[in-house]
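Each reported figure results from applying straightforward, stated rules to the coordinates on display, with no laboratory input. The model shown is predicted, which means the values in this text are computed figures rather than measured ones. So basically every Cβ, Gly included, is an ideal-geometry build from the backbone, and we count neighbours across all protein chains shown.
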Amino acid sequence: MKKLIWIIAGIAVLFFIVGAAVKAVAFLLWVAPFLLLAALLVFFLNRSGGKRIP
């Protein structure tokens, strides 16, 4: 009976970790396009500038 309790507790912890990871990935999927837009904007602003940095 104790083994069954440990197995259930282990599965619960695993589900908790997977659930937290999925929420983190979902958050990153919302943040990633904004970061990509900001990176492209900075890239094009740097390329269009007249000065060259060696």
**Prompt:** Given that just one value was derived from the coordinates, which of [x] 12.1, 43; [y] 13.5, 47; [z] 22.8, 74 is Rg and Dmax of the Cα atoms in Å?
**Reply:** [z]
**Item:** CD proxy at 222 nm, helix term only [per DSSP H run n ≥ 4: -39500 (n - 2.57); per residue of the chain; nearest 500]
**Value:** -32500 deg cm²/dmol
**Pairwise label distance in nanometres, Ile5 with Val31, each label 7 Å out on the Cα-Cβ vector** = 3.9 nm
**Asked** Put a dot 7 Å past each Cα toward the Cβ at Phe15 and Phe44; how far apart are the dots in nm?
**Response** 4.7 nm
**Item:** For the chain, the longest site-free run once trypsin sites (Lys or Arg not before Pro) in DSSP loop states with at most 14 other Cβ atoms within 10 Å are removed
**Value:** 1-50
